[in-house]
Amino acid sequence: MERKRYSKYNRLLVALAALIIVLILPYVFSGYILQIAVYAYIYILLASSLNLLIGYAGIFSMGHVGFYCVGAYTSALLATKLDMPFVICFFAAGLLAALAGAFVGFVALRLNDIFFAFATMGLSEVIRIVIQNSDFTNGTLGVTGIPLPEWFGRSMNREEFYYLVVVIVVIVVVLISKLAKSHTGRTLAMIRDDQNAAASLGVNIFKYKMMVMVLSCFIAGLAGSLYATFIQYINASNFGITVSINIIAMVAIGGMGTVSGPVIGAILLQLLPEYIRFLSNFRQIIYGAAIVISIMFAPKGLVGIRWRRIKLIDQLCCLFETKLNNEES
Amino acid sequence: MLRSEKICVRFGGLVAVDHVSLTVEEGTIHAIIGPNGAGKTTFFNTISGAEKPAEGKVFFRDEDITGLPPHRIAEKGIGRTFQNIKLFNSMSVLENVLCGMHLNVRSNIVQDMLGMSFQRREERELLEKCESLLKQVGLYDKRDLKANNLPYGEQRKLEIVRAMATDASLLMLDEPAAGMNPTETRELMQFIRKINDEGLTILLIEHDVRMVMTLADKITVLDHGIKIAEGSAEDVRHDANVIEAYLGKSYRGAVDV
């Protein structure tokens, strides 16, 4: 029988199924599971935005958490100290994170590869330490009592906020996928593949790197705002280097340079630890091992594996497809 | 069209290019030859902006372009290829040419994200342009292949096409025939001749002497960073300094290459 790669029909089916699960989740579960789901969505934002840097432009940033942190604190402080409405907090978080990204990019994007990774790692730690030791940000106590957004004259409940997060994530992922397919996406791929060749074709490499850095940090800032608002309490110690590494793991394991990769990676790595709680002490080790394994055996991530090459899966798929065909005819 | 005046490039104590002046006339094929390490590629890199000269000036259409960054040089209308092919290997043949169109793209990052109708129309136009370009050069049937799956000769060709897509008026080719078999070299020569006839000025570095002698209108010979001869193929062939540089002192004046 004819073996097509995922047909459009199949994809639509998968997307629809995912959407239904996402939409009915708050009716089936509440409390803890809902919280895990929102975390997963926030990590989709973080992984997708980091993927713009690592996967599309080939800029290896290890400091993504820093911008996430800036976003979270901006939103939290605006909401608690100035009683700003959520919309303002949300976009201010993105803008300030983008500004921080522009600054870090301006300084560090002159460095190549691993040096950029170290520079961003260091700078993100600096951000965390400054916040942790400043009175303005409540130091080690963190910011408490961050209100949920208001609408229709009352405060949103967590289920409603869940849907808001879903909408934002969908919008961001759709925009990123459009960007990836456009000429800007192609320009980033040029920079990733060969900077000298890109420059010889008239690509202003620094400008494009700055743009993607700012965009990526903007999204990270938005994610920070969502996190702070949902959890209602933030503390700088939650924004350590391990978060950066987790995001990198999500991108690497899901599939760099693809739209669906970071989404799948984020969901998987956010849900998995819940099922292996008894191993929680080894979490970082497992993440590390997962990165190594995925780079060795599936350098393009889960998305890049040709599943049909694995015999058992292929047979199952064939069975399923014949059944579908029979039903149609 | 392109004029370099007393260009000097130094790497520490080594003088890679020593006061080289040359003029490329519009519409010609100008070749730079010379033994290994003569400074040909360094000279190229200086013009294309990858290297900054310690002394000297580069003029393109009477405009001073000395020391501009590579992407600004490309904007001026100078395209180039590389000695070791630099294609974008994660992309298809067609996408590589689309990349060459970069300077013609007007849509910005925000329009790209929103996928506005203007941006979609532009993308379609680019696609049509690239496809017609690929049809002209006979790579259309292979447009969906990954760039690094092309045969070697066609990779070279694709790199040239990609540089052409920038709408360059001067094309600099760094050893386009390197590593090619005689058939591929012949095809490449015809191709270069053809694009030159269509109005592109070409500056090339080449080791394949037969190719240079038949193609080039003017030849500049470099040795140890110094220009030792310049002229038509016939002039250069009989130049005593050139024979010395290639064959050694004892052959001076004795050999008719």
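Of the residues that make up the range B:183-196, is at least one touching a helix residue (DSSP H, G or I) at 6+ places or on another chain (Cβ under 7 Å), touching a residue at least 60 places away in the same chain (Cβ under 8 Å) and not basic (Lys, Arg)?
yes
Matching residues to (1) small (Gly, Ala, Ser); (2) surrounded by 17 or more Cβ atoms within 10 Å (Cβ to Cβ):
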| site | (1), (2) |
| --- | --- |
| A:Ala76 | yes, yes |
| A:Leu82 | no, no |
| A:Phe90 | no, yes |
| A:Leu96 | no, yes |
| A:Leu99 | no, yes |
| A:Ala108 | yes, yes |
| A:Asp113 | no, no |
| A:Phe116 | no, yes |
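Look through the range A:184-203, keep the residues that are free of Cβ contacts under 8 Å to residues at least 40 places away in the same chain and more than 7 Å from chain B (Cβ to nearest Cβ), and return whichever of them is farthest from B:Ser107 (Cα to Cα).
My answer is A:Gln195.
Looking at the range B:45-94, which of its residues are facing another protein chain (nearest Cβ under 7 Å) and in contact with a Cys (Cβ under 9 Å, 6 or more places away or on another chain)?
Passing the criteria: B:Phe88, B:Met91.
Is it the case that the range B:238-245 has a residue that's buried (at least 21 other Cβ atoms within 10 Å of the Cβ) and touching a Ser or Thr at 6+ places or on another chain (Cβ under 8 Å)? Before you say what the answer is, go through the steps one by one.
Step one: of the range B:238-245, the residues buried (at least 21 other Cβ atoms within 10 Å of the Cβ) are B:242-243, B:245.
Going one step further and asking which of them are touching a Ser or Thr at 6+ places or on another chain (Cβ under 8 Å), we end up with none.
Within the range B:238-245, none of the residues are buried (at least 21 other Cβ atoms within 10 Å of the Cβ) and touching a Ser or Thr at 6+ places or on another chain (Cβ under 8 Å).
From A:Ile191, A:Ile176, grab the single residue that is among the aliphatic types (A, V, I, L, M) and in contact with a Gly (Cβ under 8 Å, 6 or more places away or on another chain). Write out each step before concluding.
Numbers: A:Ile176 fails: in contact with a Gly (Cβ under 8 Å, 6 or more places away or on another chain).
Of the residues listed, the single one that is among the aliphatic types (A, V, I, L, M) and in contact with a Gly (Cβ under 8 Å, 6 or more places away or on another chain) is A:Ile191.
Hey, could you check the range B:112-122 for residues that are within 26 Å of B:Val93 (Cβ to Cβ) and more than 7 Å from chain A (Cβ to nearest Cβ) and say which is nearest to the chain's Cα centre (by Cα)?
Step one: of the range B:112-122, the residues within 26 Å of B:Val93 (Cβ to Cβ) are B:112, B:115, B:119-122.
With the extra rule that they be more than 7 Å from chain A (Cβ to nearest Cβ), the set shrinks to B:120-122.
On the way: B:Arg120: 32, B:Arg121: 32, B:Glu122: 28 Å.
So, considering only residues that are within 26 Å of B:Val93 (Cβ to Cβ) and more than 7 Å from chain A (Cβ to nearest Cβ), the one nearest to the chain's Cα centre (by Cα) is B:Glu122.
Restricted to the range B:164-192, and to residues that are among the hydroxyl-bearing types (Ser, Thr, Tyr) and not in a helix (DSSP H, G or I), which residue is farthest from B:Phe59 (Cα to Cα)?
Applying the filter and picking the extreme gives B:Thr166.
Is it true that A:Thr140 is surrounded by fewer than 19 Cβ atoms within 10 Å (Cβ to Cβ), in contact with a strand residue (DSSP E or B) (Cβ under 7 Å, 6 or more places away or on another chain) and polar (S, T, N, Q)? Don't jump to the end; show me each part of the working.
Working: surrounded by fewer than 19 Cβ atoms within 10 Å (Cβ to Cβ): yes; in contact with a strand residue (DSSP E or B) (Cβ under 7 Å, 6 or more places away or on another chain): no; polar (S, T, N, Q): yes.
No; evaluated as a whole, the condition is false for this residue.
Considering the range A:174-183 alone, what residues qualify as being more than 7 Å from chain B (Cβ to nearest Cβ) and either at pLDDT 95 or above or buried (at least 19 other Cβ atoms within 10 Å of the Cβ) (or both)?
Hits for the range A:174-183 are A:Ile176, A:Ala180.
The values are calculated or read from the model by the stated rules, or taken from the named source; none is laboratory data. It should be emphasised that the depicted structure is a prediction, and the values quoted were computed from it without experimental measurement. Cβ coordinates were reconstructed from backbone atoms using ideal geometry, including for glycine residues, and neighbour counts include every protein chain displayed.
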